[in-house]
1. Going through Ser224, Ser218 one at a time, which residue ends up being crowded, with 17+ Cβ neighbours inside 10 Å, farther than 30 Å from Asp156 by Cα and within 19 Å of the chain's Cα centre (by Cα)?
2. Within segment 239-253, track down each residue that is in contact with a helix residue (DSSP H, G or I) (Cβ under 7 Å, 6 or more places away or on another chain) and either assigned to a helix (DSSP H, G or I) or crowded, with 19+ Cβ neighbours inside 10 Å (or both).
3. Residues in segment 73-106 that are in contact with a Leu (Cβ under 8 Å, 6 or more places away or on another chain) and open to solvent by less than 70 Å² (accessible area, probe 1.4 Å): how many?
4. Taking only pairs six or more apart or across chains, which ones have beta-carbon atoms under 9 Å, a first residue in segment 243-265 that is more than 17 Å from Leu170 (Cα to Cα), and a second residue that is outside any helix (DSSP H, G or I) and open to solvent by 70 Å² or more (accessible area, probe 1.4 Å)?
5. Please go through segment 321-341 and give me each residue that is in a loop (DSSP other than H, G, I, E, B) and touching a helix residue (DSSP H, G or I) at 6+ places or on another chain (Cβ under 6 Å), ordered by number.
6. Any chance segment 152-172 includes a residue that's in a helix (DSSP H, G or I) and polar (S, T, N, Q)?
7. Starting from segment 173-200, take each residue that is part of a helix (DSSP H, G or I) and list its partners that are surrounded by fewer than 19 Cβ atoms within 10 Å (Cβ to Cβ) and of a type in the set (Val, Ile, Thr), counting only C-beta distances under 9 angstrom and pairs at least six apart or across chains.
8. Taking Pro304 as meeting all but one of (1) out of contact with any Asp or Glu (no Cβ under 9 Å at 6 or more places or on another chain); (2) outside any strand (DSSP E or B); (3) open to solvent by less than 40 Å² (accessible area, probe 1.4 Å), write down the number of the exception.
Amino acid sequence: MSKRLAGISILVADDQMDVVRTLCTSLREAGASLHFVTDGHAALSHVSMWPIDLLIVDLKMPPGEWGGLWLLEQLQNQGQRVPSFVLSGEGWGVREAFRLGAVDYIEKTEAAQDLFSRCAETVDKFQVEALDKAGKELPTPLAYRFARYESTADPDKKLLEGLLAVEEILRFGSIIGLSSTEPVPLRGINRQQISSLSMGTWLDLCIALANIPTADVSFTQFWSWLAPKKSDRDLVRSLVRLRNDIAHGRPPDHTMSALLEHLLRRFTHRALGLWRAELAVPQAMSYNGHSFEATYSSITGLGPPKYGTIRTTKPLTTGHPVLLSPTRQPLSLTPWLVARTDEATGSVRCLQFDGTVRRPGSDNTVPLRYTPTDGHRDDTPTDVPGGGCWGDLEPWAADSG
């Protein structure tokens, strides 16, 4: 059997552990990483913390008699879109599971023969669809790169666009990590690296941030969608070397194209299925004596901004990008991500941290350099309103102080 499910993470929720472990033998042999829980509560907790590509759920398990249906309902109510595969022979239960978002089912008596092929087809289908949706549904800094990758036909150019998409994932992950974590010197990141960034340094930043014991879940979850294991990080490291080779004029190594495609499919599948946050820019705010209500522009995809409102116990700064989550307070992304709003059209353009405008030395006022998320580097301003400076960045450098 081929390792068709290599790198795929599958959560199995069933209280008949001995039975289900035997049924899932074919998935393990195909390279899947299997995780087992015996009730809906444990499954819900696992989904909120770890990367999952497919959920296999037995309908009759705790809590209650129909704990599998309870789990599917909780996932639906929370906006989780993990494809769920039901193990059941109960007609009513299966119909109810489909109403709650399940995508397929199989009877346990048939699972030993058909589970591998059905699961593999489901994962393939959802990963392909996710990559197609990425340019429309991911935050704009990521959506731009994925849209370019999907629309490029020339093999050499497509390979480069895929590498740039990986770099954008690393950059955006670093921005979330820097925004959500108290500054500490990052192991292996020196002043020169952090003031003049490359794809390799973005990777090193993500790895160093992930190794901080107090790293926030908003970052660690995002990072797990790309590289939860050492083998994943090794693959990304090899893509960094490939990007450097291309930059130095060497012929592109197309033997990496399939691995790159698989990595991008898996990331987008996880992000669209598990991410409940959105990138937004507050536009106006009011206070009613108890809480703040802010109107915001949602910075998603490549189309015009969508507008919404949010209530929060803390004031937000208009014009400063935040990451909104239904279960947590808004996370400010300033000064690592800044925005400019066109007053005439209402369109919002994001600019993201890309090092410093010059080597800072001991001058903490040296401004940060920014890159537009739409790829137009020719008109990047050197003085960005609301932008940061070396004083914001220096505490992260391991050789500062």
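The values are calculated or read from the model by the stated rules, or taken from the named source; none is laboratory data. This is a predicted model, so every value here is computed, not measured. In this analysis, Cβ positions are derived from the backbone assuming ideal geometry, glycine residues included, and neighbour counts consider all displayed protein chains. Only protein heavy atoms, including side chains, enter the accessible area calculation; ligands, DNA and RNA are left aside. Shrake-Rupley method; radii C 1.70, N 1.55, O 1.52, S 1.80 Å.
1. Checking each option against the conditions leaves just Ser218.
2. Residues satisfying the conditions are Leu239, Val240, Leu242, Arg243, Ile246.
3. 18
4. Final answer for the pair search is Asp245/Pro251.
5. Across segment 321-341, the qualifying residues are Leu333, Pro335, Trp336.
6. Looking through segment 152-172, none of the residues is in a helix (DSSP H, G or I) and polar (S, T, N, Q).
7. Gly177/Ile212; Ser179/Thr334; Ser180/Val217
8. (3)
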